[in-house]
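The values are calculated or read from the model by the stated rules, or taken from the named source; none is laboratory data. Since we're looking at a predicted model, the values are computed, not measured. Note that we place each Cβ from the backbone using ideal geometry, even for glycine, and neighbour counts take in every protein chain shown.
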């Protein structure tokens, strides 16, 4: 709905070819951008302008692909929405791009006008005007504008107008209270919401790739089962409603099915991977082995599934066709592997690995080649991809002590090049993060 | 190696204390008695969780990444089976747990296998499956908080909970 409103009101006039900042492996030199004040004529619009500027500035800076030129250096202080910038002034302070915007009130709502300039080529490269019907949408608009700037300059799909669902944690480590919670990707407190009340233990939420539905595991009446949570209606529904534990759910790329583990009491409670069609509720068994099979994750084209299995003795990563045929081990390194997650770009698989006393989060090609570690620590888990496949979020937990102290767990963001790690703030401890598609 | 040694010591200590208690209490625990006194002198109702803990042992321990019952574990479960025979009105839930050194999902699977190992051992020992449930808690409910082998070895466990 909101998306539609934005789409209708949004128009972009310039159609220059995308300016692509080449992103190679390794450290990326951030692109310098100047963001002028977002001008407003009265105190309300000035406040909206400040909020928007802050959101855009944070988003672009946090991506690691931009840095904002210190405002104190700005020579020109005008509103540059209607006025052509003095490009020489901006060149002098080494701003490669320049964003200017203003906010005003109209009878339809809050009007935002934005201009993006390529300073070195002295031309406008993006222009937009939109009307925000409701003040509560300001944050969304800030994220949308950030996405437009990011996409225009990097040539990659943006990821700012997205949300993160995760497990909020509080209480003693042996009686942890866990609640599903959701927030904007930047973790801003204004966007934070709890989805469950903490009465039942909840684990491992994951977003559907195409809609605002989350699948997760909940211990309702002490029965661990897979559920889906419709974020629009607030409806919760059990998916794996048969005797035996269902867990480790993930959506298929079309969001119509859930692939998960089912531990069948008639199969010695050994976890096998099943596919459940959400429309027909029919399930099909994909694996059949005496080892544990879990953590399935679809390739974005829906043809393959990567999963975790200890069929060879220790937990490793395997790939199979979507019907369970052609099972092949792909992890090659030493150590215990888990949590494989297929990149939305299709080219990489993120994973965790336990070796030499430490957890590692890394990525490998889909055939297991070119494994590289992105981050290493005592306890790391639950890698999840940004919808554009450039970043991972995961959780990092500190050691705990016999006296009950320690064990703090937090959500982190990192570029898959291994640079630009930062904490995504949460009001309490946070784990098991998962990223929504673009809203 | 150290880990194994420690486990043996823990399990051994546990069994020893159970055995001693059992010998002590052996005479006055039967199906008709409603209470028995433990060695500490506290009144314990027969057929309850407390009774199971004090007089039999409510848990077994597992090796790292294993759901196989050790010899010690089997001995504990034999005693649990005998106890359950003695108190046919006591139903149980077996909980399977894992240490924190594995992924959440893998540990849920492992916890379920552990719980099922205990469940099926008791079933084979003659306990009616209608009296038993089992559930995995993965690494979500450690018995001992701590990021070292001392804690881990006690957290890799199957616990028998008397549910009524």
Looking for whichever is within 14 Å of chain B (Cβ to nearest Cβ) and surrounded by fewer than 20 Cβ atoms within 10 Å (Cβ to Cβ) here; the options are A:338, A:346, A:333, A:406. Which one fits?
A:406
Identify, please: which residue in the stretch A:106-127 is in contact with a strand residue (DSSP E or B) (Cβ under 6 Å, 6 or more places away or on another chain) and either more than 18 Å from residue A:78 (Cα to Cα) or not assigned by TED's automatic domain parsing to the domain that holds residue A:92 (or both) and is, among those, surrounded by the fewest Cβ atoms within 10 Å (Cβ to Cβ)?
A:108
Residues satisfying the stated conditions in the stretch A:174-196, i.e. within 14 Å of chain B (Cβ to nearest Cβ) and buried (at least 22 other Cβ atoms within 10 Å of the Cβ):
A:178
Scan the stretch A:220-239 residue by residue and report those that are crowded, with 19+ Cβ neighbours inside 10 Å and either within 12 Å of another protein chain (Cβ to nearest Cβ) or closer than 15 Å to residue B:135 by Cα (or both).
A:224, A:225, A:226
The stretch A:309-321, subset in contact with a strand residue (DSSP E or B) (Cβ under 6 Å, 6 or more places away or on another chain) and in a loop (DSSP other than H, G, I, E, B), residue modelled with the highest pLDDT
A:315
Select the strands (runs of 3 or more DSSP E) contained entirely in the stretch A:339-413, then report the ones holding at least 1 residues which are more than 21 Å from residue A:210 (Cα to Cα) and touching a helix residue (DSSP H, G or I) at 6+ places or on another chain (Cβ under 8 Å).
A:380-385
Going by what's in this entry, would residue A:310 be described as free of Cβ contacts under 8 Å to residues at least 40 places away in the same chain, within 11 Å of chain B (Cβ to nearest Cβ), more than 26 Å from the chain's Cα centre (by Cα) and over 17 Å from residue A:253 (Cβ atoms)?
yes
Note on residue B:129: of the conditions (1) within 14 Å of the chain's Cα centre (by Cα); (2) closer than 13 Å to residue B:91 by Cβ; (3) surrounded by fewer than 17 Cβ atoms within 10 Å (Cβ to Cβ), unmet is (1)
For the stretch A:197-207, check the following and say yes or no: at least one residue is free of Cβ contacts under 8 Å to residues at least 40 places away in the same chain, touching a strand residue (DSSP E or B) at 6+ places or on another chain (Cβ under 6 Å) and away from chain B (no Cβ under 14 Å).
no
Since residue A:251 meets every condition but one in (1) touching a residue at least 12 places away in the same chain (Cβ under 8 Å); (2) within 12 Å of chain B (Cβ to nearest Cβ), which condition does it not meet?
(2)
Being in contact with a helix residue (DSSP H, G or I) (Cβ under 6 Å, 6 or more places away or on another chain) and farther than 30 Å from residue A:404 by Cα narrows it down to one residue among A:106, A:154, A:131; which is it?
A:131
When the stretch B:145-157 is examined, which residues are found to be within 12 Å of chain A (Cβ to nearest Cβ) and either within 15 Å of the chain's Cα centre (by Cα) or on the phi > 0 side of the Ramachandran plot (or both)?
B:146, B:154, B:155
Based on what the data block shows, is residue A:257 surrounded by 15 or more Cβ atoms within 10 Å (Cβ to Cβ), assigned by TED's automatic domain parsing to the domain that holds residue A:201, free of Cβ contacts under 8 Å to residues at least 24 places away in the same chain and over 20 Å from residue B:138 (Cβ atoms)?
yes
Please specify each residue of the stretch B:116-142 satisfying the condition of being within 7 Å of chain A (Cβ to nearest Cβ) and under 14 Å from residue B:161 (Cβ atoms).
B:135, B:136, B:141
